[in-house]
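So the structure is just underneath, and the comments pick up after that.
Every read-out reported here was derived from the displayed coordinates using simple, explicitly stated rules and does not represent laboratory data. None of these values were measured; they are calculated from a predicted model. Here Cβ is always computed from backbone atoms with ideal geometry, including for glycine, and neighbour counts include all displayed protein chains.
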Amino acid sequence: MIRIEKLQKLYGKVKAVDSIDLAVHPGELFAFLGPNGAGKTTTIRILTGLTRIGSGQARIGGHDIVESPREAKRQCGLVPQHINLDNELSVRENLEIHGRLFGMNTQARGQKIEELLSYVELLDRVDSLVKQLSGGLKRRLMIARALMHEPKVLFLDEPTVGLDPAIRRRIWSLIKRVQQDGTTIFLTTHYIEEAEFLAARVAFLDTGKIVALNTPQALMASLGEWAVDRMNGEGMETTYFATRDQASEYAASQDCGVTLRRVNLEDAFLHLTGKKVLS
Amino acid sequence: MNGFIAVYLREMLILKYRFKRQLAGMAVSPLLYLITFGYAMGDLIQFGDQSYLHFLIPGLVAMASMTQSFGIATDINVARFYWNIFEEFQAAPISNLSYVAGEVLAGMTRALIGVVVILLLSLPFGVVLHYGPLFWLAIVGNSFVFASLAVGMAMLVKSHADQSLLTSFIITPMAFLGGTFFPVEKLPIWAQGLLSCLPLTHASHAIRATASGKAADGIDYLVLTVVGLVFFWLALHSVNKARD
């Protein structure tokens, strides 16, 4: 569904995206995980036509984003990191305008608005002005708007940033539902648990490069199943073990405070890049 | 066509929500000019058998059609730099022509509303002018010029502060020098030549001539059409520059 070859983007001498190769399959929920400034948003902006490509190639649903940009855009729904709704307009008007931009006729727009607002549980707010909605409701509206024209791929750039845990969970279940209904999802996040919970495959992105790409389980299994954190003079040191017994035995042998826990995706990222995901 | 309608419709919906505030904003400056230069000081200046108000009102119409149509640049900038709504258009499968035409028509619509406000405000001052088709055509031409310039500039600037600078350096001087408050013919030849390069000078000339029931000069309409088309073409080619 998405095929990227040697994608590169320079800002001055800084390589925001550095020769990325990637293929995302139809119906897959794929996540880009990395710290701020890793190149996640730039990649999404290039794929959705907001930023000019530097070099390389990208195709969405078989359409080259440079040679057939309008056909490529028709395949994409975008939920950017920041709220970009028309605050002064109503929920319905925001969706109406999006539908018109994507060439939907009056009947199709009317049907889809009702269907999607019911899907994201916002039907009772259809005539509310967007500025009257909470942050979580605005996020749900942005997802509904991105789905208006029935895109084949939904790009979600940090979809739950700044939301409280309960609302984050609701957005997660909505994203899962969209994927189960057949839409390919390309997600960026710097929340470890988000990628772990949602994604079938994860790519670790660091300074514009993909440093690892696999299922979350495979990435974590490469380290072992258990981890022991201990403080030494230089800070936190983490050691990985295949079994809980091995980890417990090691923890018991330490003469300082330790934490025994399961390996998570952040361990895998840290191990591969030497950096914390959360910056 | 769908993209063009979407862009225009969005601007009109926003205008609908702000209508009362927008009308009040459109009325303040012209009303102050009418009171200060027309009512309070008007008796001191006489143009032949006409009062200064007869001279001033067509000038204000020209100025308002310029400032109101150019005002679309501010809305585009707010949508681009503060609310990021411009991304909705960038990510949509619409042509640059649809986007530019939608925004230019929105600017022209605002200009026409601004002109109607001035004409209504001038009624209590007892000024009767001729509002024939050529009067309105000059207004449409002038607003086309400045709405197109506004869209082009809004695509090229890098911040809202840049936009304010452009207004200070281009629009404000033109508003005072483009034949709005004084007859350009009273100036030295070299100054007349210089000011004839400004599209507003031609708009003021055409609007004033038709409003006074005199014959319009075809050159004014030709200049407005050519300059408008050049600015529209520049706007069209500036849209891609707004992408990083």
Expressed as a whole-number percentage, the relative contact order of chain B with C-alpha contacts under 8 angstrom and at least six residues apart is 27
With the charge dipole of the protein assembly as shown built from beta-carbon charges (+1 for Lys and Arg, -1 for Asp and Glu) about the Cα centre, the Cα from A:ASN94, A:HIS190, B:TRP190 projecting farthest to the positive end belongs to B:TRP190
What is the mean number of Cβ atoms from other protein chains located within 10 Å of the Cβ atom of each residue in peptide A:7-18, rounded to a whole number?
0
In whole angstrom, how far apart do the alpha carbon centroids of segment A:227-254 and segment B:19-63 sit?
82
Value of relative contact order over segment A:169-279, rounded to a whole percent, pairs C-alpha under 8 Å and six or more apart:
23
Calculated on alpha-carbon atoms, Rg and Dmax of chain B in Å
18.2, 59
Angle between the Cα long axis of helix A:165-180 and the longest principal axis of chain A, 0 to 90 degrees, nearest 10?
70
Here FRET efficiency (C-beta to C-beta, B:VAL230 to A:VAL66, R₀ 35 Å, nearest 0.05) is 0.75
List B:CYS197, A:CYS256 from most exposed to least, where exposure is judged by having the fewest other Cβ atoms within 10 Å.
A:CYS256, B:CYS197
Reduced Cα scattering model of segment A:1-155, Debye log10 I(q)/I(0), q = 0.17 Å⁻¹:
-1.01
To the nearest whole number, what is the average tally of beta carbon atoms from other chains within 10 Å of the beta carbons of peptide A:45-53?
3
Residue mean of other protein chain beta carbons inside 10 Å, A:97-110:
4
Cα Rg, Dmax (largest Cα-Cα span) when computed across segment B:26-142, Å:
17.9, 59
Helix-derived [θ] at 222 nm for chain A: sum -39500 (n - 2.57) over DSSP H runs of at least 4, divide by residue count, nearest 500?
-10500 deg cm²/dmol
Evaluate E = 1/(1 + (r/R0)^6) for A:SER173 and B:LEU31, where r is the Cβ-Cβ distance and R0 equals 56 Å; express this FRET efficiency to the nearest 0.05.
0.50
Could you please rank B:TRP136, B:TRP190, B:TRP83, placing first whichever residue has the fewest other Cβ atoms within 10 Å of its Cβ?
B:TRP190, B:TRP136, B:TRP83
Cα-based Kirkwood hydrodynamic radius, the protein assembly as shown, one decimal, Å
26.4
Using the eigenvalues of the Cα gyration tensor, what equivalent ellipsoid semi-axes result for chain A when each is taken as the square root of five times the eigenvalue, whole Å, largest first?
38, 23, 16
Compute the normalised compactness of segment B:150-192: alpha-carbon radius of gyration over 2.2 N^0.38 Å, N being the residue count.
1.53
Least to most buried among B:LEU23, B:LEU134, B:LEU32, by other C-beta atoms within 10 Å and fewest first, runs B:LEU32, B:LEU23, B:LEU134
For segment A:166-279, Rg(Cα) over 2.2 N^0.38 Å is 1.23
Divide by every residue of chain B the summed helix terms, -39500 (n - 2.57) for each DSSP H run of at least 4, and state the resulting mean residue ellipticity at 222 nm, rounded to the nearest 500 deg cm²/dmol.
-22000 deg cm²/dmol
So for chain A, averaging the separation of alpha carbon pairs under 8 Å that are six or more residues apart and normalising by length, what relative contact order in percent results?
22
